[in-house]
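Since the structure comes first, as structure tokens, the remarks are kept for the end.
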Amino acid sequence: MPAARPPGVDPLFLKIHDAVLFQITSGKIAPGQQLPSVADMAKEWKTTRPTARKAYERLMNGGHITAVPRRGYFVRMVDQVTWNMSAAGDPWATASAGRTVHELTEVRVVAADTLVGRERIGALLGLPPDGDALCRQVLRTIANHPRELASYYLPFDLVKDTPAKSQDLPGGLIALLAELGYQEHAIRDVNSARMPDEQEAARLELDPGTPVMVTTRRSFFTPGDQCLLVRHSVYNPHGAEFIYETTR
């Protein structure tokens, strides 16, 4: 039995949505191809512009099309990106392998009471109340599409005299901590989905109404089983796949 239509929903805009979506998923409309204007779509379906616009907005929210100011609506062009969340080190290494990538890094010092998700970074890293953390925020793109906004936090006193403060860090933070005598031995991920804030939506170039995948990873190191690195990542969900693997 077909699912009941929600009260107050115009069935015609859903029919338009379903028809266009079928053309996209069947390949009749190619990625990057421009769709008819709202006015032309309304004329084709013998309906009003608001009804046609609702259909396009629903397609945008589903990640199927995008709106380009003063140009119109286009089928979204997104490469499939697989994030291997079980890999040692940073999942970015597997997602970016063999692709044209770019990173834009900003480095700053933040106080222990800075919120990361729902928790304070001081509690996550075991900092004293007056302690500071070094934050490296990285915007990562693949084929010119923003894919991840990642913020890395470390105890400032631990890395203040290391290259962690520089924008360019070729070896990565896990390798840097290893040089300081700390070996990563365990991780703990907390995953969630939510709506992005204004900055996240702008930097990831998300259409209105698009949710994001969020992961907060705590990395624990020996000696001492201490959390020395927190990675808070906000992912563009379009074309994204997340893999976790365990062995028994």
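The values are calculated or read from the model by the stated rules, or taken from the named source; none is laboratory data. Remember, predicted model here, so these are calculated numbers, not experimental data. Here the Cβ positions follow ideal geometry from the backbone for every residue, glycine too, while neighbour counts run over all protein chains shown.
For the stretch 58-97, the candidate set comprises residues that are over 30 Å from Thr247 (Cβ atoms) and hydroxyl-bearing (Ser, Thr, Tyr); within that set, the residue that is modelled with the lowest pLDDT is Thr66.
Selection of the stretch 15-35 for residues being assigned to a loop (DSSP other than H, G, I, E, B) and without any contact (Cβ under 8 Å) to a residue 24 or more places away in the chain yields Ser26, Gly27, Lys28.
Just wondering, is there one or more residues in the stretch 138-159 that are of a type in the set (Val, Ile, Thr) and more than 21 Å from the chain's Cα centre (by Cα)? Yes, the stretch 138-159 contains at least one residue that is of a type in the set (Val, Ile, Thr) and more than 21 Å from the chain's Cα centre (by Cα).
The lone criterion from (1) modelled with pLDDT under 95; (2) closer than 27 Å to Gln183 by Cβ; (3) not polar (S, T, N, Q) left unmet by Arg118 is number (2).
Of all residues in the stretch 109-125, those that are in the same structural domain as Gln167 (by TED's automatic domain parsing) have Cβ atoms under 6 Å from Cβ atoms of residues that are of a type outside the set (Ser, Thr, Tyr) and part of a helix (DSSP H, G or I), 6 or more apart or on another chain, in Val109/Phe156; Ala112/Gly122; Thr114/Ile121.
For the stretch 218-248, a tally of residues being assigned to a strand (DSSP E or B) and touching a residue at least 60 places away in the same chain (Cβ under 8 Å) returns 15. Out of Thr51, Thr66, Thr47, one residue alone is surrounded by 15 or more Cβ atoms within 10 Å (Cβ to Cβ), part of a loop (DSSP other than H, G, I, E, B) and outside the structural domain of Gly239 (by TED's automatic domain parsing). It is Thr47.
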